[in-house]
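These notes concern the structure reproduced below.
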């Protein structure tokens, strides 16, 4: 994962401005989701594991997602990519909800809800273009015109 490029000034060495599809890919913390799949398989394969272990690991992995995304998007002289970090962390939560994870223990949970949320979340968040500074304010004009 690398930082989302929103202006031509940021697009150095032949790198293009990130479009919708690029943002979808960069907002999904695939490495952390992959780790989550392995963690859930290990926990569910252990019959003596308490259901609370899955919840604890979920909280731990949410924190790791934020820290990992911050590390992967770090650029010298730039503030943290706060918008990308927040959206990627939210993506992890939505992916876990879609996969079931600890949510399956809740009486109201249905896999359909997770699938619908995942589709909707990923379609909508890719419309968000982080500001040049990465500190929060999104900029739609950059995505449309390609200028800051």
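Bear in mind these aren't lab numbers, they're just calculated from the coordinates by the rules spelled out. Because the structure is a prediction, the values reported are computed rather than measured. A quick note on method: Cβ atoms are made from the backbone with ideal geometry, for glycine too, and the neighbour counts reach across all protein chains shown.
Oblate is the label for region 36-131, because a/c, from the alpha-carbon gyration tensor with a ≥ b ≥ c as root eigenvalues, is 1.5 or above and a/b does not exceed b/c.
Ordered by the number of other Cβ atoms lying within 10 Å of each residue's own Cβ, fewest first, 123, 99, 106 fall into the sequence 106, 123, 99.
The separation of region 33-47 from region 76-115, counted between C-alpha centres, amounts to 16 Å. Residues 61, 122 in ascending order of nearby Cβ atoms (within 10 Å, fewest first): 122, 61.
Remark: the residue 46-residue 82 segment gains 9.3 nm on full extension, using 0.36 nm per residue and subtracting the alpha carbon distance.
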